[in-house]
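S.K.: Dropping the structure in here first, questions after.
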Amino acid sequence: MTSPLNDHDGGADPSAKAASAVTPGVTPRPVMNRLPKYAAGRPPAPVEGLTSYKLSSNENPLAPLPAVTEAIVHESAINRYPDAVATRLRSALSTFLDVPADDIVTGGGSLGALNQILAAFAGQQDDGTQDEVVYAWRSFEAYPISVGLAGAKSVQIPVLADGRHDLEAMAAAVNERTRVVLLCTPNNPTGPALRREETERFIQSVPGHVLVVIDEAYQEFVRDPEAVDGIAMYRKYPNVAVLRTFSKAHGLANLRVGYSVSHPDVTQYLRIAAVPFAVSTIAEGAAIASLENFDQVVGRVQTLVDERDRVTAGLRSLGWDIPDAQGNFVWLALGEATPEFAAAAEAQALSVRAFGTEGVRVSIGEPEANARFLDLCRSFTKVTQAS
């Protein structure tokens, strides 16, 4: 007798084979075949005789503050769920930002907070029509994925030649189907920050029912005196939401803790859309400790800004035309030479983030990594000029 186990393992049951031949496989939603895949920055390949450096993920190369490590090292209640609404962290942020705690909704990084906004405000209507989400492009590569998964339609507006948002074109793209606009400042991966006056004009130009999301993942690195402050815009306009994160300046990328700030008419729906227990007790404790020692965070960020300024000055002295860098990265618009440059970096034990044939984003890392990157740019310039 043939056992059911043998049949399942490939026995000669003709009826089972016939059924499998006509039964369709599990298929995803059609949108899944249209969405790009998120390409995380790769670690550097080892090269004999060289220390490898990862400059592909916009990570903070500095370890978290000692106070952060001390705050979480003894956390033992990992068998218990965290506070679903991160009450202690929202209270600390309320004091830090001088905003009501009820206006803060935490999430798994700023991307998690963004996904909550899209789930609540952009998708497919009951009649089957798609809401539209307007954003600059190229910008954060997760935007089209998140928008598509929410069921909405992406409306991508090309950035200007200097890497800035084309706010006039973005305003012109807003129509009766637009529900959300995403403003990434500084723009990842090109680098420039939005200015206060242009951003306010843009907000005033769109209908009040359109939610304007100001994504400030790199806000602490901005040194442009005219740069917009998302929190100031939120205070002034009820249809503005702000995204921020502890992943970059605070060096807590692995713990995945971010948040949005918006008015009660928005947050009441974000709490429904929020992923339960997205921020762990460990992440919450680390974020609070980092806020309590923010003066040290500022000092560390300044060392990275100083390195950024050294790198940008070095690039320009070599003849590279690069956009204004206000994050913890620089953008090289290499076009067709992008794969060649990425390969040259890999040969020097540096991993960079290449975007097809558009360009390369290089994170600011350790001083030695930055110096090696500049040396690569010097030799690459000579090679391209010779060819």
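S.K.: What is the residue count in the stretch 99-115 for residues that are among the polar types (S, T, N, Q), buried (at least 24 other Cβ atoms within 10 Å of the Cβ) and within 15 Å of residue 213 (Cβ to Cβ)?
M.R.: Total satisfying the criteria: 1.
S.K.: Another question, then. Does residue 72 qualify as being closer than 30 Å to residue 328 by Cα, open to solvent by less than 50 Å² (accessible area, probe 1.4 Å), modelled with pLDDT under 95 and not basic (Lys, Arg)?
M.R.: Yes: the conditions hold for residue 72.
S.K.: Here is a follow-up. What tally of residues in the stretch 238-281 results from selecting those that are surrounded by fewer than 18 Cβ atoms within 10 Å (Cβ to Cβ), more than 17 Å from residue 103 (Cα to Cα) and at pLDDT 95 or above?
M.R.: Looking only at that region, the number is 3.
S.K.: Still on this model: Applying the selection to the stretch 349-359, what residues are surrounded by fewer than 21 Cβ atoms within 10 Å (Cβ to Cβ) and either touching a helix residue (DSSP H, G or I) at 6+ places or on another chain (Cβ under 6 Å) or of a type in the set (Ser, Thr, Tyr) (or both)?
M.R.: Correct list: 357 only.
S.K.: The conditions are (1) open to solvent by 10 Å² or more (accessible area, probe 1.4 Å); (2) farther than 21 Å from residue 235 by Cα; (3) not in a loop (DSSP other than H, G, I, E, B); (4) not polar (S, T, N, Q), and residue 197 fails exactly one of them. Which is it?
M.R.: (2)
S.K.: What are the residues in the stretch 64-115 that are hydrophobic (A, V, I, L, M, F, W, C), in contact (Cβ under 8 Å) with a residue 60 or more places away in the chain and in a loop (DSSP other than H, G, I, E, B), if any?
M.R.: 65, 77, 78, 84, 85, 86, 99
S.K.: Can you tell me which residues in the stretch 78-91 are open to solvent by 30 Å² or more (accessible area, probe 1.4 Å) and small (Gly, Ala, Ser)?
M.R.: 84, 91
S.K.: Then there's this: Kindly provide the set of residues from the stretch 256-270 that are under 14 Å from residue 241 (Cα atoms) and not aromatic (Phe, Trp, Tyr), ordered by number.
M.R.: Answer for the stretch 256-270, where residues must be under 14 Å from residue 241 (Cα atoms) and not aromatic (Phe, Trp, Tyr): 258, 260, 261, 262, 263, 264, 265, 266, 267, 268, 270.
S.K.: Taking residue 168 as the residue in question, decide whether it is outside any loop (DSSP other than H, G, I, E, B), without any contact (Cβ under 8 Å) to a residue 24 or more places away in the chain and either crowded, with 22+ Cβ neighbours inside 10 Å or at negative phi (or both).
M.R.: When the stated conditions are applied, residue 168 passes them.
S.K.: Of the residues 124, 116, only one is over 21 Å from the mean Cα position of the chain (by Cα) and farther than 24 Å from residue 327 by Cα; which?
M.R.: 124
S.K.: I would also like to ask the following. Can you tell me which of (1) on the phi > 0 side of the Ramachandran plot; (2) buried (at least 18 other Cβ atoms within 10 Å of the Cβ) is the one residue 151 doesn't meet?
M.R.: (2)
S.K.: Among (1) open to solvent by 60 Å² or more (accessible area, probe 1.4 Å); (2) touching a strand residue (DSSP E or B) at 6+ places or on another chain (Cβ under 7 Å); (3) outside any loop (DSSP other than H, G, I, E, B), which single condition is residue 136 missing?
M.R.: Condition (1) is where residue 136 drops out.
S.K.: Of the numbered conditions (1) in contact with a helix residue (DSSP H, G or I) (Cβ under 6 Å, 6 or more places away or on another chain); (2) among the acidic types (Asp, Glu); (3) more than 14 Å from residue 223 (Cα to Cα), residue 307 fails exactly one; give the number of that condition.
M.R.: (3)
S.K.: Does at least one position in the stretch 29-37 carry a residue that is among the basic types (Lys, Arg), at pLDDT 95 or above, in a loop (DSSP other than H, G, I, E, B) and farther than 30 Å from residue 330 by Cβ?
M.R.: no
S.K.: Being at pLDDT 95 or above and in contact with a helix residue (DSSP H, G or I) (Cβ under 9 Å, 6 or more places away or on another chain): is that true of residue 159 here?
M.R.: no
S.K.: Turning to a different aspect of this structure: Among the residues in the stretch 316-339, are any part of a helix (DSSP H, G or I), closer than 26 Å to residue 246 by Cβ, open to solvent by 10 Å² or more (accessible area, probe 1.4 Å) and touching a residue at least 60 places away in the same chain (Cβ under 8 Å)?
M.R.: Scanning the stretch 316-339 turns up no residue that is part of a helix (DSSP H, G or I), closer than 26 Å to residue 246 by Cβ, open to solvent by 10 Å² or more (accessible area, probe 1.4 Å) and touching a residue at least 60 places away in the same chain (Cβ under 8 Å).
S.K.: Let me ask something else. Can you tell me which of (1) at pLDDT below 90; (2) hydrophobic (A, V, I, L, M, F, W, C); (3) assigned to a helix (DSSP H, G or I); (4) closer than 26 Å to residue 282 by Cα is the one residue 18 doesn't meet?
M.R.: (4)
S.K.: Got at least one residue in the stretch 284-297 being in contact (Cβ under 8 Å) with a residue 24 or more places away in the chain and outside any helix (DSSP H, G or I)?
M.R.: Yes, the stretch 284-297 has at least one match.
S.K.: Does residue 227 meet the test of being touching an Asp or Glu at 6+ places or on another chain (Cβ under 9 Å), in contact (Cβ under 8 Å) with a residue 60 or more places away in the chain, under 18 Å from residue 308 (Cα atoms) and among the small types (Gly, Ala, Ser)?
M.R.: no
S.K.: Count, please, the residues in the stretch 141-165 that happen to be acidic (Asp, Glu) and part of a strand (DSSP E or B).
M.R.: Of the residues in the stretch 141-165, 0 are acidic (Asp, Glu) and part of a strand (DSSP E or B).
The values are calculated or read from the model by the stated rules, or taken from the named source; none is laboratory data. Owing to the predicted nature of the structure, the values given are computational and were not obtained by experimental measurement. FYI the Cβ positions are ideal-geometry reconstructions off the backbone, even for glycines, and counts take in every protein chain you see. The accessibility values were calculated without ligands, DNA or RNA, using every heavy atom of the protein model including side chains. Shrake-Rupley method; radii C 1.70, N 1.55, O 1.52, S 1.80 Å.
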